[in-house]
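Below is one structure, written out as structure tokens, with a few remarks after it.
The values are calculated or read from the model by the stated rules, or taken from the named source; none is laboratory data. Since we're looking at a predicted model, the values are computed, not measured. Cβ: placed from backbone, ideal geometry, glycine included. Neighbour counts: every protein chain shown. Please note that ligands, DNA and RNA were not included when accessible areas were found on the heavy atoms of the full protein model with its side chains. Shrake-Rupley method; radii C 1.70, N 1.55, O 1.52, S 1.80 Å.
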Amino acid sequence: MDITSLMAGFPTGVAVITTFARDGTPWGMTCSSLCSVTLEPPTLLVCLRRGSPTLRSVLEHRAFSVNLLAEQARSTAELFSSGEPRRFDRVPWVGSAEQDAGPHLVDCAHSFADCELIADREVGTHQVLFGRVLDVRRLREPRPLLYGLRTYAGWPGRDRASAGV
């Protein structure tokens, strides 16, 4: 068994990391390598493929947004993992390079976090980025999109009574 097979058996949430280029052009890519590093100061870690225009723009802008995808956003996850150059023409988003860390995918995400890039490190084919969280917003109830066993799925149903709701 190799690392790819190992990690296929470890389901994770799906995010789209977004940012702006110097000229204001939006960039973004699907990411499942995301975790919270520390609560004080609030810091997230994301890993982006070296050589991607999204990574280049994050390093220039020194900021990025983490859009946590909702369970109905599989097509968005696939779009942002494709080579489609005009992906932002195909999904609703808001934001500007002057005011935001990155575009917010308002119809596809259940929540987002705006982050200031505070450190980065090359590791193999990827760049590990550390972002200090500047703002967090929930757009709707968090029903996350998951990825595991090489497929997408929604969050399994939960018994609302046992969840204390």
- prompt: Taking GLU60 and the conditions (1) free of Cβ contacts under 8 Å to residues at least 12 places away in the same chain; (2) part of a helix (DSSP H, G or I); (3) charged (D, E, K, R), which numbered condition does it fall short on, given that it satisfies the others?
  reply: (1)
Residue that is surrounded by the fewest Cβ atoms within 10 Å (Cβ to Cβ), among those in segment 41-52 that are modelled with pLDDT of 95 or more and more than 15 Å from the chain's Cα centre (by Cα): PRO41
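So is PRO103 modelled with pLDDT of 95 or more and either under 24 Å from THR25 (Cβ atoms) or not small (Gly, Ala, Ser) (or both) or not? Walk me through it before giving the result.
Values: modelled with pLDDT of 95 or more: yes; either under 24 Å from THR25 (Cβ atoms) or not small (Gly, Ala, Ser) (or both): yes.
Criteria met by PRO103.
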statement: Taking first residues from segment 69-98 that are of a type outside the set (A, V, I, L, M) and second residues anywhere that are open to solvent by 80 Å² or more (accessible area, probe 1.4 Å) and outside any helix (DSSP H, G or I), the pairs with Cβ under 7 Å that are 6 or more apart or on different chains are GLU71/TRP155; PRO92/ASP107
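From the list VAL46, VAL66, exactly one residue is within 18 Å of GLY24 (Cα to Cα) and assigned to a strand (DSSP E or B). Which is it?
Values: VAL46 fails: within 18 Å of GLY24 (Cα to Cα).
Being within 18 Å of GLY24 (Cα to Cα) and assigned to a strand (DSSP E or B) holds for just one of VAL46, VAL66, which is VAL66.
Is it fair to say THR4 is outside any loop (DSSP other than H, G, I, E, B), over 17 Å from LEU139 (Cα atoms) and of a type outside the set (A, V, I, L, M, F, W, C)? Spell out how you get there, then give the answer.
Numbers: outside any loop (DSSP other than H, G, I, E, B): yes; over 17 Å from LEU139 (Cα atoms): yes; of a type outside the set (A, V, I, L, M, F, W, C): yes.
Spelling it out, THR4 is indeed outside any loop (DSSP other than H, G, I, E, B), over 17 Å from LEU139 (Cα atoms) and of a type outside the set (A, V, I, L, M, F, W, C).
Of the residues that sit in segment 1-16 and are in contact (Cβ under 8 Å) with a residue 24 or more places away in the chain and surrounded by fewer than 20 Cβ atoms within 10 Å (Cβ to Cβ), which one is farthest from GLN99 (Cα to Cα)? Even if it seems obvious, please write down each step before you answer.
We begin by selecting, within segment 1-16, every residue in contact (Cβ under 8 Å) with a residue 24 or more places away in the chain; these are 8-16.
If we keep only those that are surrounded by fewer than 20 Cβ atoms within 10 Å (Cβ to Cβ) too, we end up with 8-13.
Working: ALA8: 37, GLY9: 39, PHE10: 36, PRO11: 34, THR12: 30, GLY13: 27 Å.
My answer is GLY9.
Please tell me if THR19 is of a type in the set (S, T, N, Q), within 11 Å of the chain's Cα centre (by Cα) and open to solvent by less than 60 Å² (accessible area, probe 1.4 Å).
Values: of a type in the set (S, T, N, Q): yes; within 11 Å of the chain's Cα centre (by Cα): yes; open to solvent by less than 60 Å² (accessible area, probe 1.4 Å): yes.
The answer is yes for THR19.
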message: I'm trying to understand the selection: among the residues of segment 69-96, which are within 16 Å of ARG140 (Cβ to Cβ), open to solvent by less than 60 Å² (accessible area, probe 1.4 Å) and of a type in the set (S, T, N, Q)?
response: THR76
query: Just for segment 114-165: of the residues that are closer than 29 Å to PRO53 by Cα and aromatic (Phe, Trp, Tyr), which one is modelled with the highest pLDDT?
result: PHE130
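Residues GLU40, GLU84, GLU71: which one is among the acidic types (Asp, Glu) and in contact with a strand residue (DSSP E or B) (Cβ under 9 Å, 6 or more places away or on another chain)?
Numbers: GLU40 fails: in contact with a strand residue (DSSP E or B) (Cβ under 9 Å, 6 or more places away or on another chain); GLU84 fails: in contact with a strand residue (DSSP E or B) (Cβ under 9 Å, 6 or more places away or on another chain).
Among GLU40, GLU84, GLU71, only GLU71 is among the acidic types (Asp, Glu) and in contact with a strand residue (DSSP E or B) (Cβ under 9 Å, 6 or more places away or on another chain).
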